[in-house]
Amino acid sequence: MTIDYSKILEDMVSAAREAGALTLDHFQRFRDIEIGIKGPGDFVSEADKQSERLIRDRLLSRYPWGLTGEEFAPVEGTDSEHRWLVDPIDGTTNFIYGQHYTITISLRRGNVTVCGLVYNPVSDEMFTAISGEGAYLNGTRLKVSSSTDVALMCIGTGLPTPNLSLYPGAYARLDEIRAPIGAVRIVGSAANSCAYVACGRLTGYYEETGFVDTAAGILLVQEAGGIVTDWWGRGPEVFEKTGTLIVANPATHAYLLEHLRSASPKNA
């Protein structure tokens, strides 16, 4: 059966924009948001839940497939081949402090991400991709940075909290990569960090993070000519499970692969 993923992506974009309007209403009152605690450094607000409910309602009413989100139990759908992945607010800590966040939706067919989006409602930037058809920002085609100069590399990451398995080596890894490069940036959203690699605002990004957060961003980077592996150069059969992710232009990928290998125990 031939499926028109471009039409499905249009419906994804529509749902993301609706969720963006809903979350922006909360965002503009960020000082008053009621926050619950899911765990150390892991906040959840009512906006997360409302956003996911809206996206679930919009997508499942048209495409009653399986869905995995961040806030509620997974849904098993009528089509075992397709599954939605939804992060209704990626960068929740950013969100509750009035900083940029994203909404990310991807569609998997078997073990392949066939289309995805990362939407930043604050800047109204909609990053989209369909497998084999390129990556776009508000309709303009994207390409990763062509820079090869180590001194000009701008690399994104995050600093994990102690509940994550790779926390003990986080600062050693940061120290290993930071000295010769141009800059390190913490964007605060894994999805937005991947989108920034796809459009050249970062030359690379590495972190231990969840696949629901990054599935769409990974597709963006791949469709924009970037390279995606785990920290030891392994493919999706590993990084989709472990979350030890490098997304980068070719030169930055080679740099990160060399330096993360030497600073990290191979525990995956």
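Any read-out appearing in this document is the output of simple, stated calculations on the displayed coordinates, not a laboratory observation. Everything numeric here is computed off the predicted structure, so don't read it as measured data. Positions of Cβ are generated from backbone atoms using ideal geometry, with glycine treated the same way; all protein chains shown enter the neighbour counts.
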Expressed as an acute angle from 0 to 90° and rounded to the nearest 10, what is the orientation of the C-alpha long axis of helix 5-27 relative to the principal long axis of the chain?
90 degrees
Between region 64-87 and region 101-151, what is the C-alpha centre distance in whole Å?
21 Å
Calculate how steeply helix 46-62 sits against the longest principal axis of the alpha-carbon atoms of the chain, using the helix alpha-carbon long axis, and give the answer as 0 to 90 degrees to the nearest 10.
60 degrees
Would you mind calculating the relative contact order of the chain from Cα pairs under 8 angstrom and at least 6 residues apart, reporting the percent as a whole number?
16 percent
Lys pairs, the chain - Cα-Cα below 30 angstrom, 8 or more residues apart or on other chains:
9
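Report, in deg cm²/dmol and to the nearest 500, the calculated mean residue ellipticity at 222 nm for the chain, where each DSSP H run with n ≥ 4 adds -39500 (n - 2.57) and the sum is divided by the residue count.
On the way: 8 runs with 98 residues, N = 268.
Here the helix-only value at 222 nm equals -11500 deg cm²/dmol.
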Suppose a student asked you for the relative contact order of region 5-141, using Cα pairs under 8 Å spaced at least 6 residues apart; what percent would you report?
21 percent
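Percent antiparallel among DSSP beta bridges with both residues in the chain, to the nearest 5?
Within the chain, antiparallel bridges account for around 80 percent of the total.
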Separation in nanometres of the label points that stand 7 Å from Cα toward Cβ, at Arg109 and Arg178:
4.4 nm
Between the helical axis of 250-263 and the dominant principal axis of the chain, each derived from Cα atoms, what acute angle in degrees is found, rounded to the nearest 10?
70 degrees
Cut-off 15 Å between beta-carbons: net charge of the residues surrounding Ser80, Lys and Arg +1, Asp and Glu -1:
0
Going by a ≥ b ≥ c, the root eigenvalues of the Cα gyration tensor, does region 5-141 fall in the rounded group (a/c under 1.5), the prolate group (a/b larger than b/c) or the oblate group?
oblate
Relative contact order as a percentage, region 58-101, C-alpha pairs under 8 Å and 6+ apart, gives 30 percent
Can you check what the net charge comes to around Cys199, using other residues whose Cβ is under 15 Å from the Cβ of Cys199 (Lys, Arg +1; Asp, Glu -1)?
+1
Order of Ile105, Ile130, Ile186, Ile96 under a 10 Å beta carbon neighbour criterion, fewest first:
Ile186, Ile130, Ile96, Ile105
